[in-house]
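As structure tokens, the structure follows; a few thoughts come after it.
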């Protein structure tokens with residue numbers, strides 16, 4: 001951040017993408033997050049191709065480094081059916097990338113998941129984050145205004 005041409009602080013944090021409250025904007029946020037996650041996965045190509053790294057470790061790296069980029073800010077997303085499909089497609093793209101399997105090889109999603117010994121869970125993580133945030137709001141720990149908006153009460 002610059003103030004009168006002086007560097008006050010440097011941050012390497014992920015950008016916040018919320019462009020308002022409209023569902024269309026949230027879908028745009030999801031698309032951007034998916035693109036950022038794909039970019040991060042592509043940057044880690046050397047890990048995916050390394051035969052000395054076992055599949056279990058590759059799965060952990062995917063979840064910690066790529067999915068974390070995607071899930072940033074997921075609490076505020078409004079998920080439509082098309083968004084759910086996009087999230088599930090991203091998850092399978094990630095797993096295929098870990099194995100180095102092209103879509104041209106015509107392997108089923110089930111065979112990919114079985115080879116890695118994983119289950120689909122990215123969409124479940126999104127739902128869990130949304131529910132956790134709802135819990136914070138419902139308990140009032142997110143602030144009184146958020147609780148008032150949720151409950152719809154007025155004085």
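Just checking, which of 93, 77, 103 is closer than 25 Å to residue 30 by Cα, touching a helix residue (DSSP H, G or I) at 6+ places or on another chain (Cβ under 9 Å) and modelled with pLDDT of 95 or more?
Within the list 93, 77, 103, the selection yields 93.
Being under 14 Å from the mean Cα position of the chain (by Cα), touching a residue at least 40 places away in the same chain (Cβ under 8 Å) and either in a helix (DSSP H, G or I) or within 14 Å of residue 31 (Cα to Cα) (or both), is that true of even one residue in the stretch 55-68?
yes
What number goes with the only condition from (1) within 30 Å of residue 145 (Cα to Cα); (2) at pLDDT 95 or above; (3) exposed (fewer than 11 other Cβ atoms within 10 Å of the Cβ) that residue 70 does not pass?
(3)
Sort out which residues of the stretch 134-143 are farther than 17 Å from residue 78 by Cβ and in contact with a helix residue (DSSP H, G or I) (Cβ under 7 Å, 6 or more places away or on another chain), and write them in order of number. Steps first, answer last, please.
Here is the first cut: in the stretch 134-143, the residues farther than 17 Å from residue 78 by Cβ are 135-136, 138-143.
Hits for the stretch 134-143 are 138, 140, 142.
Considering only residues that are crowded, with 18+ Cβ neighbours inside 10 Å and more than 10 Å from the chain's Cα centre (by Cα), which ones fall in the stretch 73-85?
Residues satisfying the conditions are 77, 79, 83.
Restricting to the stretch 36-49, give me the number of residues that are within 10 Å of the chain's Cα centre (by Cα) and farther than 14 Å from residue 71 by Cβ.
0
For the list (1) assigned to a helix (DSSP H, G or I); (2) within 19 Å of residue 116 (Cα to Cα), I need the number of the one condition that residue 40 fails.
(2)
Quick one: in the stretch 134-155, which of the residues that are assigned to a helix (DSSP H, G or I) and surrounded by 13 or more Cβ atoms within 10 Å (Cβ to Cβ) is modelled with the highest pLDDT?
This residue is 134.
Quick one: would you say residue 53 is more than 18 Å from residue 91 (Cα to Cα) and modelled with pLDDT under 95?
yes
Filter the stretch 69-93 for residues that are farther than 17 Å from residue 36 by Cα and not in a helix (DSSP H, G or I) and give the result.
78, 79, 80
Output the residues belonging to the stretch 116-133 that are in contact with a helix residue (DSSP H, G or I) (Cβ under 8 Å, 6 or more places away or on another chain), surrounded by 12 or more Cβ atoms within 10 Å (Cβ to Cβ) and in a helix (DSSP H, G or I).
Result: 116, 122, 123, 125, 126, 129, 130, 133.
Just to be sure before I move on: is residue 96 without any contact (Cβ under 8 Å) to a residue 24 or more places away in the chain and crowded, with 17+ Cβ neighbours inside 10 Å in the structure I sent?
Yes, satisfied.
The values are calculated or read from the model by the stated rules, or taken from the named source; none is laboratory data. Quick caveat, the model's predicted, so the values are computed rather than measured. Ideal geometry is used to build each Cβ from the backbone, glycine not excepted, and the neighbour counts take in all protein chains shown.
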